1. I'd like the FRET efficiency for ALA307 and ILE47, computed as 1/(1 + (r/R0)^6) with the beta carbon distance as r and R0 of 30 Å, rounded to 0.05.
2. Using θ = phi - 60° and the Karplus curve 6.51 cos²θ - 1.76 cosθ + 1.60, what whole-Hz ³J(HN,Hα) does each residue of region 279-291 get, with Gly and Pro shown as x?
3. Give me, ordered by chain and number, the residues 5 or more places off ARG113 or on other chains with an amide H under 5 Å from its own placed amide H.
4. Output wanted: per-residue J couplings in Hz (rounded whole) for region 340-351, from phi through Karplus 6.51 cos²θ - 1.76 cosθ + 1.60, θ = phi - 60°, x for Gly and Pro.
5. Of ASP120, ASP293, ASP326, which has the largest mean-square fluctuation in a 10 Å C-alpha GNM of the chain?
6. Amide H neighbours of VAL97 under 5 Å, at least 5 residues apart or on other chains, H built in the peptide plane: list them.
7. Between VAL165, VAL70, VAL256, which gets the highest mean-square fluctuation from a Gaussian network model of the chain, Cα cutoff 10 Å?
8. To the nearest 0.05, what FRET efficiency results for GLU66 and THR266 with a Förster distance of 22 Å applied to their C-beta separation?
Amino acid sequence: MMQSQLYLTIHSELAACALLALAILAVEGAIRPPTQRAELRIQANHIIPSTIQVILITYWSFYWPEAWDVPRIPLELLYAFGLDYLIHRVRRTTWPVGIGPVPIVLSSNLFIRFAPDRFDGILTIVTIALLSKHFLRLRGRHIFNPSAFGLAVFGLYHHTATWRVDFVDVAHHLNLAPNMAELIFALGLIVALRVPIVAVTFGAAVGLQAWHYMPGSLITPWPYWPPMLLVFTFLATDPVTIPRSGTGRLLFGLGVGFGTGLASNTLVAAGMPDYFGKIVAVPVCNLLAPMMDSLSRLRFLERLLAARWNVAHVAAYCVIFLLTFDSWRKTGAFEARLHVANQTPLIVSNAGSPPRCAHNPIFCRRFTMLREVELWTNGSDGPE
């Protein structure tokens, strides 16, 4: 009973810290009224990730109904907008009325969820993310990807605190959708064709794959497993927090991938789950981004990775992905027990036995979107 009370107290204190941040900023803003007004500012670098996240969560919700957590996500967005407004009041800067906080909230929800009675965790993550965006800056740009920084700090607390905060490991739930990796890949191409970031995703996949050849490696995650591909394609490729040079971006990706493997193996060796292993390498490499730019002195490599060749880089990445994203690996990622527990739509079980890939080709073969749409359209096992 005493442990339970202490546990609830810690959670209450975390929630209080998030709300206290709002209260302090509100008082500060009231004492020092802003000298500038709000300004409508809808930016493409907020619209595109927000749209992609909405698409991913919506697709995910077909197979895991809790993906769109209503009303929690709207409440989280309301909190994020309020905090963002108060931070601008304290800094005496114009509040850019737009959708800036939306990618932070939705990105966090793609990686972590909490029990219905645990609202403090996500508020803490969002608070840390927004504060880092506004106050941890270098040369006019924020140093860390806000979502990655918030998740990483929370993960550090989770692994070092005496009393840990319960959360839902949604990485495996993200794998419930049969073509999630393919959708992440396709949406990532839209961003990569607009901004030259594909070197980061490619480098991260190579850096993580290197752990498959490390002697004594305890865990070797697959780079194309949906949660991992999500990190490499979107979380690690924030154009503001990665190196500016082509060589620097490749080094950044290699660092994220290798660092992910290092973090995962370290956590497993310590007897802990490696859930946050895929996150912590991103803010570390964000911090090292200027140094990686300073190392980009190999002129031949820099010319090869120049932004003017971005279409060629994307085409090369597509070829590599199509050649290395094989059905054998996807079959190995099929999680029969989770599908049974979740009662995943479109899953077929033979005579009451656990579902197998032989009876569920859309889940175990690559690029089965057309067949998936056909099954939903027929309505036999589709949505009501």
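1. 0.85
2. Taking θ as phi minus 60°, the curve returns 9, 5, 5, 5, x, 4, 5, 4, 5, 8, 4, x, 5 Hz for region 279-291.
3. When sequence neighbours closer than 5 places are left aside, the close amide H contacts are VAL168, VAL170.
4. Once rounded to whole Hz, the list reads 5, 5, 7, 6, 4, x, 6, 6, 10, 10, 9, 6.
5. Fluctuation is largest for ASP326.
6. The answer is GLU39, LEU40, ARG41.
7. Residue with maximal mean-square fluctuation among VAL165, VAL70, VAL256: VAL70.
8. 0.10
Where a number appears in this text, it was derived from the coordinates with a stated rule and is not lab data. None of the values given here were measured: they were computed from a predicted structure. Neighbour counts run over all protein chains shown; Cβ positions are idealised from the backbone, glycine included.
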